[in-house]
Amino acid sequence: MPDREYLPALRFDALTRLYDPLVAFTTRERAVKERLVDLAAPRDEDRVLDVGCGTATLALAIARRAPGTSISGVDADDTMLARGRTKARRAGVDLDLNQAMAQELPFPDDTFDLAVSSLFFHHLQTEDKLAVAREVRRVIKPGGRLAIADWGAPRDPLMRLASLGIRALDGTSAVDNREGLLPQLLEQASFDRVAERELLRTFFGSMTLLTARPG
């Protein structure tokens, strides 16, 4: 069990069973994750880490795109992981899903060719965002890649209004994302070539897709 406290993805354990349908409905999940996998460009020989993997939707999308990848996922919520394991078993996909805090990844240095994350960083306070980014940097091999999809700075009044829902759900932890600070935090964690690759409009605001390389 993780030593640190964490909040369930929807803040309350009782809502975990609603996570997949709610995310699919409100975040344009299929389009976002397909585009994120495009940007991540997984290769069959890659070792892949999904940070904050939840119910493993993104990990399974990567496995479908590149069946030869070896995929590990990390999440603090074992209820979410149990759902992910069930989904992987039904899909006939072997995933290594681990209960752990992302601030203390249970892997040696330079383990992974590719790290991905979807709708995870906005849950974290600023200092934890930076700590997680540094841990991800530690476990990515030189020449590896990082691809993230998460809430970003709204670019128009409608998206600013929509983003208030995430602020209400996640409180001050979502402020960094809403102010567009996630790329700067990645750079502070020694990532290089940090780039916003795409911005998608959703029910809860602007979804930013980022890529980066270990510096």
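Throughout, read-outs are computed from the coordinates displayed, never taken from laboratory work. All values reported here derive from a predicted model rather than from experimental measurement. We place every Cβ from the backbone using ideal geometry, glycine too, and count neighbours over all the protein chains shown.
Enumerate the calculated ³J(HN,Hα) couplings along segment 83-95 in order (Karplus 6.51 cos²θ - 1.76 cosθ + 1.60, θ = phi - 60°), each rounded to whole Hz, writing x wherever the residue is Gly or Pro.
My calculation for segment 83-95 gives 5, x, 5, 5, 4, 5, 4, 5, 7, x, 10, 8, 10 Hz in order.
Using a Cα-Cα cut-off of under 23 Å, which lysines could be cross-linked to residue 129, ignoring same-chain neighbours fewer than 8 residues away?
33, 141
Non-local amide H neighbours of residue 180 (under 5 Å, H modeled in plane, Pro and chain starts lacking H): which ones?
153
Given springs between every Cα pair under 10 Å in a Gaussian network model of the chain, which of 39, 22, 60 has the largest fluctuation?
22
Counting other Cβ atoms within 10 Å, which chymotrypsin sites (Phe, Trp or Tyr not before Pro) in segment 11-100 have at most 11 and lie in a DSSP loop?
For chymotrypsin sites (Phe, Trp or Tyr not before Pro) across segment 11-100 that sit outside H, G, I, E and B with at most 11 neighbouring Cβ atoms in 10 Å, the list reads 12.
Show me the ranking of peptides 96-106, 74-84 by mean Cβ neighbours inside 10 Å, starting with the highest.
74-84, 96-106
How much mean residue ellipticity at 222 nm does the chain get from its helices, if each DSSP H run of length 4 or more adds -39500 (n - 2.57) and you divide by all residues, to the nearest 500 deg cm²/dmol?
The per-residue figure over the chain is -11500 deg cm²/dmol.
If you take every residue apart from residue 208 with its C-beta less than 9 Å away from the C-beta of residue 208, what net charge results, scoring Lys and Arg +1 and Asp and Glu -1?
Once all neighbours under 9 Å are counted, the net charge is -2.
Return the long-range amide H neighbours of residue 53 (sequence gap of 5 or more, or a different chain), with a cut-off of under 5 Å between placed amide H atoms.
Excluding prolines and chain starts, which carry no amide H, the hits are 74, 75.
In the chain, what percentage of the DSSP-assigned beta bridges are antiparallel, given to the nearest 5? Don't skip to the answer; put the middle values down first.
Details: 15 of 34 bridges.
Of those bridges, close to 45 percent are antiparallel.
Out of residues 5 or more away from residue 97 or on other chains, whose amide H comes under 5 Å of its own, with H placed 1.01 Å from N in the peptide plane?
73
Have a look at 21, 142, 67 and tell me which one the Gaussian network model of the chain (Cα, springs below 10 Å) gives the largest fluctuation.
21
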